[in-house]
Amino acid sequence: MKWETVIGLEVHAELSTATKIFCSCPVSFREKPNTCICEVCTGMPGALPSLNEKVVDYAVRTGLALGCDINRHTRFDRKNYFYPDLPKAYQISQLYAPICTNGSLEIGGGKRIGIHELHMEEDAGKLLHGEEGKKTLIDYNRAGVPLIEIVSEPDLRSAEEAIDYLTRLRTLLQFIGVSDCKMQEGSLRADVNVSVRRYGEAELGTRTEMKNLNSFHAIKRAIEYESRRQIDLLEGGSAVTQQTRRWDDRLAKSYVMRSKEDAMDYKYFPEPDLPELIISEDKLNKIKSETPELPEEKKRRYRNELGLGEYDTELICSDLSLVRFFEKAVDLGADPKQTANWLLSEVLRMVGDGEEIPLKAESFVKIISLVSENKISRSTGKAVLEKAFSEGIDPEEYIDKNNLFQISDISDIEKALKRVIEENPKSVSEYRGGKEKAFKYIVGQSMKALGGKADARLVGSLLHKLLDR
Ligand SMILES: [Zn+2]
């Protein structure tokens, strides 16, 4: 391995505010095209933007969670370019005085990835391309949806590190409630900058940028492909050209979109329609006090106060829907360890990645407490849980109706065991003659006689009492 890959990521996250960044149109992804629009977000002449305070709150909240410096005097700039999805022909963004700078995010192995800056901007509309050569339609519902762009330093060294960083960043944004980060809906997307250099070289190589990648899978493959392509070029005696490339995940290839582009090309200038934004001490403190528990704080609490192990903690905290379910169950009085155990072994296998759990926490808590009180067997518990999951049945009603409660009266169990012993004299004498296997057979017959509704360990110990005297 002579070559080192150097990666920087620019992550765009759509904020989950109720309204857009510069107007009061709703932020919605399921409405009919062009129904959530107004003069401001469609760039009508004379329409003026007014900043959504929630966007500032969310940007600062994220900046604080990433350990950034919050710039108390910040402002917006115009990024000028023409494209049909951008009706004003400029995007309101931040270049000269971004709201947050100089943070970091820790990834696996304790490595810290620098955050160069975080800034606020507006999203563009969406082009809906028809068949090749046919019409293209434009939906402006997304125009003016608030975005934060989080720009990392070029501190990442492999596709794996990039995915680790993105995974943690996504978890963080979800946990602090600023974005739902649904990559399939485009609410989290990344521009990937890749360059290569020989190990030990201090200077960075020439980089290329791949824009708007919206799946971890595509990002990983794009980095690996681009790194390989650049190494091949350099080893073949050619040079890497600075350019923007388009990643085609279907063909697993990247293509040139346009060559070198600098800030100059966008003719940035301060946005004249918005005043300087001043963030007061009070405002900053208010945002701090409203910030929910960060992922690392949550993990520490799970380990130290709830007594969960490392593995369970990491797994639950990898997914906000698991966190919500877990905390609800614990709030309802369930034992945290039992909850983690059942959640991760029995519930998780029934839920798709990132899906909400369609199970009532109340039903879940009822089932695991019935099992731990030995009122139903563990296997009955699992079966009832599946029913509650898929059909929403009421656990107690279902268990009662189907006669699944365990027999808890010891004299009833003993009566049944005595009958089994009488009916299986051969196995009994084999067991007494030292054959362990015969004992297992007797346990099996006993469980059968009890209809599976007794605690197997209790049956075992009662049998020993009856047979070993
Ligand atoms: Zn609007």
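Taking Lys and Arg as +1 and Asp and Glu as -1, the other residues whose beta-carbon sits under 15 Å from that of Lys32 total +1.
Given +1 at the Cβ of Lys and Arg, -1 at the Cβ of Asp and Glu and no other charges, the dipole of the chain around its Cα centre is 1520 debye to the nearest 20.
If a spin label sat at a point 7 angstrom from the Cα of Ser28 along the line to its beta carbon, the backbone N atoms of segment 122-144 nearer than 18 Å would be those of 125-126, 139-144.
Using a simple spin-label model with pseudo-atoms 7 Å out from Cα toward Cβ, Glu436 and Ser390 lie 3.7 nm apart. Taking 7 Å steps out from each Cα toward its Cβ at Leu51 and Asn212 produces label points 2.8 nm apart.
Take the chain with all the other protein chains still there, run a 1.4 Å probe, and you get 51 Å² of accessible area per residue. Per the Kirkwood formula applied to alpha carbons, segment 128-171 shows a radius of gyration over Rh ratio, Rg over Rh, of 1.22.
Heavy-atom accessible area, probed at 1.4 angstrom with all protein chains present, ranks Met257, Met120 as Met257, Met120, highest first.
With a simple spin-label model that places each label point 7 Å from the Cα along the Cα-to-Cβ direction, the separation between Asp248 and Gln338 comes to 5.7 nm.
Note that segment 78-142 carries a Kirkwood radius of 14.8 Å, evaluated over its alpha carbons pair by pair. Of the residues Gly392, Val192, Met44, the one whose Cα sits farthest toward the positive end of the charge dipole of the chain, with +1 on the Cβ of Lys and Arg and -1 on the Cβ of Asp and Glu, is Gly392.
Ignoring aspartates and glutamates fewer than eight residues from Lys288 along the same chain, the ones with Cα atoms less than 17 angstrom from its Cα are Glu53, Asp57, Asp69, Glu296, Glu297. Classify the chain: rounded, prolate or oblate, from the alpha-carbon gyration tensor (a ≥ b ≥ c, eigenvalue square roots; a/c under 1.5 rounded; otherwise prolate if a/b is larger than b/c)? Taking the square roots of the gyration eigenvalues as a ≥ b ≥ c, the chain is prolate.
Of the GluC sites (Glu not before Pro) found in segment 120-185, those that fall in a DSSP loop while having at most 16 other beta-carbon atoms within 10 Å are Glu131, Glu132. Stokes-Einstein diffusion for segment 293-401, with the hydrodynamic radius set to the Kirkwood value over Cα pairs and evaluated at 4 °C in a medium of 1.567 mPa s, equals 92 µm²/s.
Given contacts defined as C-alpha pairs under 8 Å and at least six residues apart, what's the relative contact order of the chain, whole-number percent?
Answer for the chain is 13 percent.
The share of C-alpha pairs in segment 410-467 whose separation exceeds 19 Å stands at 16 percent.
Carbon and sulfur: what percent of the chain's accessible surface (1.4 Å probe)? After summing per-atom areas, the C and S share lands at 50 percent.
The residue list His116, Ala202, Ser158 was ranked by how far each Cα lies along the charge dipole of segment 114-211 toward its positive end, using unit charges on Cβ atoms, and Ser158 comes out on top.
Only DSSP H runs of four or more residues enter the estimate; each adds -39500 (n - 2.57), and after division by the residues of the chain the mean residue ellipticity at 222 nm equals -11500 deg cm²/dmol. Semi-axis lengths, largest first, of the ellipsoid equivalent to segment 182-318 are 37, 27, 16 Å, with √(5λ) applied to each eigenvalue of the Cα gyration tensor.
Quick one: angle between helix 436-449 and the longest Cα principal axis of the chain, in degrees between 0 and 90, rounded to 10, please. Computed tilt is about 80 degrees.
The values are calculated or read from the model by the stated rules, or taken from the named source; none is laboratory data. Since the structure is predicted, the reported quantities are computational estimates derived from the model, not experimental observations. Ideal geometry is used to build each Cβ from the backbone, glycine not excepted, and the neighbour counts take in all protein chains shown. Note: accessible area is taken over every heavy atom of the protein model, side chains too, but ligands, DNA and RNA are not part of it. Shrake-Rupley method; radii C 1.70, N 1.55, O 1.52, S 1.80 Å.
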